[in-house]
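A quick write-up on the structure given underneath.
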């Protein structure tokens, strides 16, 4: 699978393994969905699953998990250390490979709508999917927890859900759905039962109280261990690393006369985050990811640009024009990133720092998605060739051809669409680019225009063979829109 989305649903159940097992069975019953991790915590009374799959399947898996949790968890009987408003408390979608944050936003909003319609559960949208700025932060939505929301949802307009009626589900509560970057759930345990110390440390390090950027923190008591815990979410570990947070908590703990006795990672953690910690503690000078053996092996063993060009030049029709168009788009986005990164570091352009950061995030997602489409286009064309090779008397031949043609139109449509999005990002910054990289920036624009034209050419050659009029009209409309950006 070249396009992957991670979903990390949190359920208000950490003491009954059979319930969590039933939820796991429900989410993994969807084809092409894989369970990467499951965590249960009795003190928090919470379970966290990490699943991954293609964007077209991940939403359905989340819905099945919500359905199972709604049947098996009664929030009126739930107690635990972790804040919650729902049996399925929070459902974030995270772009992993070949998928943008904007696509995850669309998945989140569609899943939220279906939860409200199918299960009559009010839904709130958070992080990148939020429709109201005050709901970007999860803690604002979860204020007062299940009991507080139950008391206010029908009378307080500020608690009106984004989807569904302003009425709490009697046993399942409400659900928060969103889209975000990869997050690290990181807990630090102290050798004291004094929860006041943990709460004070959390207050000092969390961003909302003047602490570190991208850090959310609260103090909890682990009843079974009789230990206070600083429970944290690091929403952007490249801005504030695990190592920085650990050292800060250790300093604050020692100042309060207590010690760290252990830490926990809930769910999964990116390799890069651990590399940061290792490099920091070893005080490695001039550290870079290519110093890691496995990273360097992957780099060397991947196909070189020369190998790819040789494949294009061969008599094999794949990879062909669609793949080259996607590669052109990825290169255009990459050149835009390079020019913006250089500009961002110049003092004369600091007033636009926020715009540069937003643009870089978008271009990074678009570049990754376009790169994945290089192989997806080749695969789509192979499918077309295979369909046409079926025996003419085969009853499935026509359907197979139509299915393949639609896919062979969809992929270049995504190429053109992503290139258009990247082109718009670059155009919006064209007058705020450091002059010494203006030529690189212009080449990026031209590469993106080439990607749009190439995507359009491949769309149009397949559109005319599609028999379904509604599908044809949809792609013709998209093509007409994309064509506006070719000049």
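Return only the number of the condition from (1) more than 27 Å from residue 77 (Cβ to Cβ); (2) in contact with a helix residue (DSSP H, G or I) (Cβ under 7 Å, 6 or more places away or on another chain) that residue 206 does not satisfy. The failed condition is (2).
Can you pull out the residues in the range 350-359 that are in contact with a helix residue (DSSP H, G or I) (Cβ under 6 Å, 6 or more places away or on another chain) and either at pLDDT 90 or above or loosely packed, with under 13 Cβ neighbours inside 10 Å (or both)?
Looking only at the range 350-359, we keep the residues that are in contact with a helix residue (DSSP H, G or I) (Cβ under 6 Å, 6 or more places away or on another chain), and these are 352, 356, 359.
Correct list: 356, 359.
Within the range 136-156, the set of residues being modelled with pLDDT of 95 or more and not in a loop (DSSP other than H, G, I, E, B) comprises 141, 145, 146, 147, 148, 149, 150, 151, 152. Just wondering, is there one or more residues in the range 385-402 that are surrounded by 20 or more Cβ atoms within 10 Å (Cβ to Cβ) and modelled with pLDDT of 90 or more? So far as the range 385-402 goes, no, none of its residues is surrounded by 20 or more Cβ atoms within 10 Å (Cβ to Cβ) and modelled with pLDDT of 90 or more.
Only a single criterion out of (1) within 14 Å of the chain's Cα centre (by Cα); (2) crowded, with 17+ Cβ neighbours inside 10 Å; (3) in a helix (DSSP H, G or I) is not satisfied by residue 112, namely (1). Annotation: residue 236 fulfils all but one of (1) more than 24 Å from residue 79 (Cβ to Cβ); (2) modelled with pLDDT under 95; (3) out of contact with any helix residue (DSSP H, G or I) (no Cβ under 9 Å at 6 or more places or on another chain); (4) loosely packed, with under 13 Cβ neighbours inside 10 Å; the unmet one is (4). Quick check, is residue 70 assigned by TED's automatic domain parsing to the domain that holds residue 175 and modelled with pLDDT under 95? No, not satisfied. Are any residues in the range 446-484 surrounded by 13 or more Cβ atoms within 10 Å (Cβ to Cβ) and over 28 Å from residue 364 (Cβ atoms), and if so, which ones? If the condition is that a residue be surrounded by 13 or more Cβ atoms within 10 Å (Cβ to Cβ) and over 28 Å from residue 364 (Cβ atoms), then 460, 461, 462, 463, 465, 466, 471, 472, 474, 476 are the ones that fit.
Looking for whichever is under 30 Å from residue 470 (Cα atoms) and in a helix (DSSP H, G or I) here; the options are 360, 390, 371. Which one fits? Walk me through it before giving the result.
Values: 360 fails: under 30 Å from residue 470 (Cα atoms); 390 fails: in a helix (DSSP H, G or I).
Every option except 371 fails the conditions.
The one condition from (1) in a helix (DSSP H, G or I); (2) surrounded by 17 or more Cβ atoms within 10 Å (Cβ to Cβ); (3) touching a residue at least 60 places away in the same chain (Cβ under 8 Å) that residue 443 does not meet is (2).
The selection criterion, being outside the structural domain of residue 232 (by TED's automatic domain parsing) and touching a helix residue (DSSP H, G or I) at 6+ places or on another chain (Cβ under 7 Å), does not hold for residue 42.
The values are calculated or read from the model by the stated rules, or taken from the named source; none is laboratory data. Keep in mind it's a predicted model, so treat the numbers as computed, not measured. Glycine gets a Cβ as well: all are built from the backbone with ideal geometry, and neighbour counts include every protein chain shown.
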